[in-house]
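Throughout, read-outs are computed from the coordinates displayed, never taken from laboratory work. These numbers come from a predicted model, not from an experiment. We place every Cβ from the backbone using ideal geometry, glycine too, and count neighbours over all the protein chains shown.
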Amino acid sequence: MRLLVIDHGCADPPAGRVFRCRAILAEEGIDVLGCGPARVSNLDGPTPGLCGIPLRAVAAGNRAFAAAVRGGEPEAFLATTARIPAALLGLVRETARQAIAEAVDGFDPAAILVLHAGIFADLAVETGLPVVVHAAEADLAMARGAGRVAELVAAALVSADVVVPADAGTAAALAADWLDGRPAADDFSGPIDAACGPRLAAAVRLARRRRDA
């Protein structure tokens, strides 16, 4: 199976989390292409295993967002996207939309896994492919009450084929406020860590089965 993994944190090799997921999921028989904010544009030359989202130039006009993109931490990225002006948010999402479309066209994945409930999750849903969203309670807290960002996250979570909570607290928050009564995939609950391969692989295969049913 081919899987596109989209992160909201820096995806540059070798430290990018998409590359750790790539190695972990390879042991489960899944071929991964990573996608996320990257320092080098795809136009500057391909990076094996990565379709980067070039956001540094886009972010340059907003000091806090530019710092979050440079820093590469997904939590900072999620927090600042909840506060940036609507015009900048639209530009960020259009840049990401183009990169995700390029990744889907070139890699032809069977499904998409999105790390974090953030502003790229609904773009994954837009592709029409089966989507798994791995959500943490901090993601939901940053999105809650954030206007347009909250709407985008809510729409993505409701539309995703499988939503994997990071822990029991996240599962409870999802059930209470985000999934319209649909349960999260508690069977696959857990963080993104060295032991997550079997859980994530099972969640992705479930999403694919649900779409094929």
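Points worth noting:
- Karplus-derived HN-Hα couplings along the range 100-117 (A = 6.51, B = -1.76, C = 1.60, θ = phi - 60°), whole Hz, x at Gly and Pro: 5, 4, 4, 5, 5, 5, x, 9, 6, x, 7, 7, 10, 10, 10, 8, 5, 8
- Size of electric dipole in the range 112-213: Cβ of Lys, Arg +1 and of Asp, Glu -1, about Cα centre, debye, nearest 20: 320 debye
- Most mobile listed residue (GLY61, GLY72, GLY49) in the chain, GNM with C-alpha springs under 10 Å: GLY61
- If R0 equals 25 Å, the separation of the Cβ atoms of ALA176 and ALA60 corresponds to a calculated FRET efficiency of about 0.05.
- Ordering LEU113, ALA185, LEU206 by the projection of their Cα atoms onto the charge dipole of the range 2-212, which places +1 on the Cβ of Lys and Arg and -1 on the Cβ of Asp and Glu, puts LEU113 at the extreme positive end.
- Paired Rg and Dmax values of the chain, which use every Cα atom, in angstrom: 15.7, 47
- Fraction of antiparallel bridges per DSSP, the range 13-168 only, in percent to nearest 5: 10 percent
- Mean residue ellipticity (222 nm) of the chain, computed from DSSP H runs ≥ 4 via -39,500 (n - 2.57), nearest 500: -14500 deg cm²/dmol
- P(r) tail fraction, the range 86-134 - alpha-carbon pairs more than 17 Å apart, %: 32 percent
- Convex hull projection area averaged over all views, the range 30-149, Cα basis, nm²: 7.3 nm²
- FRET efficiency estimate (nearest 0.05) - Cβ-Cβ, GLU75 to ALA213, R0 45 angstrom: 0.80
- The label point for GLU94 and the one for GLU27, both projected 7 Å from the Cα toward the Cβ, are 4.3 nm apart.
- Within the chain: Cβ-based charge dipole about Cα centre, in debye rounded to nearest 20 (Lys, Arg +1; Asp, Glu -1): 320 debye
- Alpha carbon convex hull of the range 97-194, volume per residue in cubic angstrom: 101 Å³
- Computed lengthening from ALA195 to ALA86, 0.36 nm per intervening residue step minus Cα-Cα distance: 35.4 nm
- Net charge of neighbours whose Cβ lies under 11 Å from the Cβ of ALA171, counting Lys and Arg as +1 and Asp and Glu as -1: -4
- Sum of side-chain charges, SER189 neighbourhood, beta-carbon under 13 Å (Lys, Arg +1; Asp, Glu -1): -4
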